[in-house]
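Participant: Right, I'll just put the structure down here and ask away after.
The values are calculated or read from the model by the stated rules, or taken from the named source; none is laboratory data. These numbers were taken from a predicted model, which means no experiment stands behind them. Cβ placement follows ideal geometry from the backbone for every residue including glycine, while neighbour counts extend to all protein chains displayed. Ligands, DNA and RNA are excluded from the accessible area calculation, which covers all protein heavy atoms including side chains. Shrake-Rupley method; radii C 1.70, N 1.55, O 1.52, S 1.80 Å.
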Amino acid sequence: MRAVKLAFLIILFPAIVLAQKTYTLQGKITDAQNGEALPGANVMLKGTYYGAATDVSGNYRIPGVKEGTYNLEISLIGYKVIQRTALVVNDTSHLTNDFKLQSSALTLGTDIVVIGEKPLLDIESTESKKTIGSKEIEASVIENVTDLIRNQPGVVAEKNEIHIRGGRAYENSYLIDGLSIQDPFSGGTSGLMLSANSIEEVEVLTGGFNAEYGQSMSGVIEVKTKRGSEKLKGQFTYKTDKIGISNDNSDVGELSLSGPIPFTGKKGSFFVSGYALLSDTYLPHSHDLYSSIFGGSKYALRGSNNYSGLFKGIWEFSPTKKLVFSISGSANIDQGFSANEFENPTPDFNSYPFQYQYDLNNYNTQTRISNQTSFTWTHTTSPSFFYEM
């Protein structure tokens, strides 16, 4: 009897498998700006072999999809990638999903627009990564990108040095818009003084990073600055701690302006920002700092004086061709008490000079300047190839 039942199940099993209900996903992909259909867009269910390409009318159709929860990804050269996460496929779900792609001059896969809930785990990611977006940065109580990095898991800040997972400070890699800002001689990163309102996104990689970061031994900190907006807009922020009995006589000012470049037909845009942080800190002195580089005390108004600026211009020749010009700089004028051997290898500048504790005005003034200028050309020639210069 058991043999008869077993033979019956063996015969019936293929029928059960074949009878398992499947579904067909379909929809239309269009341009978000003009509403035109986008042929040749790739529509894939990540982690599976299901996928399709849109036809000349922008329609896609994926048959044979089994019941479950999927992440749907839509990509096309010259447009931002869209990920529709937690897409449920069953009898009660919407099997027709239309999407509008936003044009982008960046390379395929660089800009990703997530629709739906963000997945708890990215099974395709090989590194330990923390990504902080502009909205999260605006909600944080920080002054610059360094303050933001200090608050991330796996990061420890000691004596103005940033240590990731116990590594030494110079074992980290620091990049702004894909370019390294480390001093090849000392390993310092004084060019990291960027204001919070000029940052679009910060990624902190604390291990397992890809081969493109092969020179890093401890961690990678990559900063993406904001780009110009379609309409002219600006922002000004002023902060002070002079409200109260105890304070460091600190003032912080931030100014940013962005918009389209005139007479470029919306192909060009710019972003410019300025930042200043002036403070007396906790040290007693009469503000008589003298910077020989800047010719006196004109910019040394307090015990610690920090300035930075950024200009970024973008020219999009086409959805696959883009030129970016960026120039940034920072200046710090103080007596070096908050500095460290990593940033300033000069002897006697990495500790407090107790011999001058009653006459700090006669101690040396230190001026640190960092400038960076870059031109970046990005060209995407096919779905599988692009180059940057």
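Participant: Taking each pair of distinct Cα atoms in segment 36-101 once, what is the resulting Kirkwood hydrodynamic radius in Å?
Facilitator: 12.3 Å
Participant: Filter the chymotrypsin sites (Phe, Trp or Tyr not before Pro) in segment 217-282 down to the DSSP loop ones having no more than 10 other Cβ atoms within 10 Å, then list what survives. All intermediate terms of the calculation are to be shown ahead of the outcome.
Facilitator: Details: sites: Phe236, Tyr238, Phe263, Phe270, Phe271, Tyr275, Tyr282; in loops: Phe263, Tyr282.
Answer by residue number: Phe263, Tyr282.
Participant: Excluding residues on the same chain fewer than 8 positions from Lys21, give the lysines whose Cα lies under 27 Å from its Cα.
Facilitator: Cα-Cα hits under 27 Å: Lys5, Lys46, Lys66.
Participant: List the GluC sites (Glu not before Pro) in segment 220-287 that DSSP assigns to loop (not H, G, I, E or B) and whose Cβ has at most 16 other Cβ atoms within 10 Å. Which are they? Show your work: numbers first, answer last.
Facilitator: Values: sites: Glu222, Glu230, Glu254; in loops: Glu230.
When the GluC sites (Glu not before Pro) of segment 220-287 are filtered for loop state and at most 16 Cβ neighbours within 10 Å, Glu230 remain.
Participant: Moving on to the next point. Would you rank Trp315, Trp377 by solvent-accessible area, highest first, keeping every protein chain in place and using a 1.4 Å probe?
Facilitator: Heavy-atom accessible area, descending, gives Trp315, Trp377.
Participant: Can you return the lysines within cross-link range of Lys135? Criterion is Cα-Cα under 18 Å, with same-chain partners fewer than 8 residues away left out.
Facilitator: Cα-Cα hits under 18 Å: Lys118, Lys224, Lys226, Lys233.
Participant: Taking the Cα atoms of segment 193-250 alone, what are Rg (to one decimal) and Dmax (as a whole number) in Å?
Facilitator: Over segment 193-250's Cα set, Rg and Dmax evaluate to 18.2, 53 Å.
Participant: Another one. To the nearest 20 debye, what charge dipole does segment 226-311 have about its Cα centre, counting +1 at the Cβ of each Lys and Arg and -1 at the Cβ of each Asp and Glu?
Facilitator: That gives a dipole near 660 debye.
Participant: If the reach is capped at under 16 angstrom between alpha carbons, list the lysines near Lys267, excluding any in the same chain fewer than eight residues apart.
Facilitator: Correct list for Lys267: Lys231, Lys312, Lys321, Lys322.
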